[in-house]
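Notes follow the structure.
The values are calculated or read from the model by the stated rules, or taken from the named source; none is laboratory data. Everything numeric in this text was worked out from a predicted model, so none of it was measured. FYI the Cβ positions are ideal-geometry reconstructions off the backbone, even for glycines, and counts take in every protein chain you see. Note: accessible area is taken over every heavy atom of the protein model, side chains too, but ligands, DNA and RNA are not part of it. Shrake-Rupley method; radii C 1.70, N 1.55, O 1.52, S 1.80 Å.
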Amino acid sequence: FFLGSRAEFGIRTFAAPPSKMMKVVAVLVATALSTSRATQLPSVHATAEDARGIRDQAKWWAHVGEKVYYAPPASMAELSRDVSDYYYALGSESALTDDMRQHRVGGEGRVHIFHLPKGPSMLQLSSRGDRRESFSSLLQLQHGVSLGLFPEYPAHPSTYAYPGSAGAQALERSAAAGITAAAYEEFLTQITKLPGDGGSGTRSWSNVEASKVTQQYLIDKFTSMGLKACLQTFTEAGHSLANVVAYLPGSSTSSETLTVGAHYDSRPFFGKAPGAEDNGSGVAALLSVAKAWMEAKLKPTKSVYFVGFAAEEPGLIGSKHFALALRGKEGQQLPEACSAPAPTSSFLQKQRTSADKHQAIVMDEVGWVSPKLRRRTVNLESKDWTHEVMDHLAESNLFHNGQELYVVHNNAPFGSDHMSFLDNGMKGVLVINGDDEAYPNYHKSTDTIENVNVEYAANITRMVFGGAVRAAGLQVPAHVA
């Protein structure tokens, strides 16, 4: 390792004590070594002249953002030439740990490629945190894959079968028309102006009084709509917390249920935290969906939960307790007045049925329009095996919004309350605005209502409403059917 002389670096020569000079050299050496731990995969710009030749001739290649990465030559002995030795994950670069950086050999933006010749067990990632502190699961890299921009999740009206009668579809359309930008904005204004503790304007989980104010606000709103609302209380890390659960019983005697949810806590953890985009926008959508449902007097087939989740920001805590209660885990339960009756089958069958038949739609950050995107975009984030729920959402969007919203899909989920459902084998889908990583006021006191586009948010809310109606099913009066 050669640092070069002081003259070569344009540094003025001076006499320094040997001990101090050794410390400086040690720091420089350590820094250089730390930044060179992971040899990077070879790559070219995707539009470069030789990019086409690499795609034709390389043993394997992967398109990530503006770069094309490809199999290393034999001279790069430290890197495997086998594409199966590489994995990728999605998450913020700022959240990369030292261990992850040692294995990271490429990537762009939220996409990170890791060299793991002994398999994914070489690297531990956490998906249970907020959007910029967690990562998706590791996925094996595939030859010819394109990563970075999420693909469109198109509607297929010619092949999609509406799960109900023409009368049910007419009821859905009529009820969704009541979700307006003005009505949505009224909810959002109220949420962001909740006084919190001492009028500081926060919904932080660490602020007990602010949390109680928010919980009471949600209970009052749900109750005024005609819903039964309860607190699901629990303790985590010494904190007494509560989800706000509103329950609408369905006609079916099965254990099938649908949850429509959004976390109500905000950041920063201390001081002013209006949390308009994150996640006042989701809570306003939640209340708007519930209000439209109740005003139209819609009767669901499945039981429906409208839930304000506590403590998403410190690690998806509220949704974890709610999902475990749905699974019937020991020590976890929902208030009897706000829960679906338990099936008469055995305990083990109850657990299986709850996991297999429960579905959830989670709204987190649904109000900011990224200036980087050409179209107003909404992202449906979940595993591909939740396609039934995503299909309902995509078709609902086309039905209620026409071409106003462009729907994309990320099948490497992480960092929001949908993970609590997915981790328990339930079909949970996150609805989130496109390019959420770029929101400049994330977790800042400047996350104010001016950053939320209420027309855009109302469009997303109508999409969620229609998707929820279809997922839950409707009892249709004989004169309407």
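Helix 166-176 and the longest principal axis of the C-alpha atoms of the chain enclose an angle of approximately 70°. Of the trypsin sites (Lys or Arg not before Pro) found in the stretch 261-345, the ones in coil according to DSSP and having at most 11 other Cβ atoms within 10 Å of their Cβ are Lys297. For the stretch 354-481, a simple Cβ point-charge model (Lys and Arg +1, Asp and Glu -1, everything else neutral) yields a dipole of about 280 debye relative to the Cα centre. Any idea what angle helix 208-224 forms with the longest principal axis of the chain, computed on alpha-carbon atoms, 0 to 90 degrees, nearest 10? Taking Cα atoms only, the helix is inclined about 40 degrees.
Each residue of the stretch 64-69 was assigned a 3J(HN,Hα) from its phi angle through the Karplus expression (A = 6.51, B = -1.76, C = 1.60, θ = phi - 60°), giving 10, x, 9, 10, 10, 8 Hz with x at Gly and Pro.
If you sort the three axes of the alpha carbon gyration tensor as a ≥ b ≥ c, you get a/c of 1.5 or more for the stretch 37-93 and a/b no higher than b/c, which makes it oblate.
Taken about its Cα centre, the stretch 151-298 carries a charge dipole of about 260 debye when Lys and Arg each add +1 at the Cβ and Asp and Glu each add -1 at the Cβ. The H on the amide N of Lys67, modeled in the peptide plane, is under 5 Å from the matching H of Ala46, each at least 5 residues off or on a different chain.
The magnitude of the dipole of the chain, with charges of +1 and -1 set on the Cβ of Lys/Arg and Asp/Glu and taken from the Cα centre, is near 480 debye. Taking the 0 to 90 degree range and rounding to the nearest ten, how far is the long axis of helix 317-326 tilted relative to the main principal axis of the chain, both from C-alpha atoms? In the chain, helix 317-326 runs at an angle near 50 degrees to the longest axis.
Adding -39500 (n - 2.57) for every DSSP H run of four residues or longer, then dividing by how many residues the chain holds, sets the calculated 222 nm ellipticity at -9500 deg cm²/dmol. The residues packed around Tyr160, meaning those with a beta-carbon under 15 Å from its beta-carbon, carry a net charge of -3 if Lys and Arg are +1 and Asp and Glu are -1.
Can you flag which of Lys221/Lys383; Lys212/Lys427; Lys118/Lys383; Lys297/Lys357; Lys302/Lys383 are past 28 Å Cα-Cα?
Pairs exceeding the cut-off: Lys221/Lys383; Lys212/Lys427.
How would the stretch 263-334 be classified by its alpha-carbon gyration tensor: rounded, prolate or oblate, with rounded meaning a/c under 1.5 and the a/b versus b/c comparison settling the rest? Here the stretch 263-334 falls in the oblate category.
Accessible surface of the chain, 1.4 Å probe: 52 percent of it comes from carbon and sulfur atoms. One quarter of the convex hull surface built on the alpha carbon atoms of the chain amounts to 29.4 nm², the projected area averaged over directions.
Taking every alpha-carbon pair under 8 Å whose residues sit at least 6 apart, the chain reaches a relative contact order of 17 percent.
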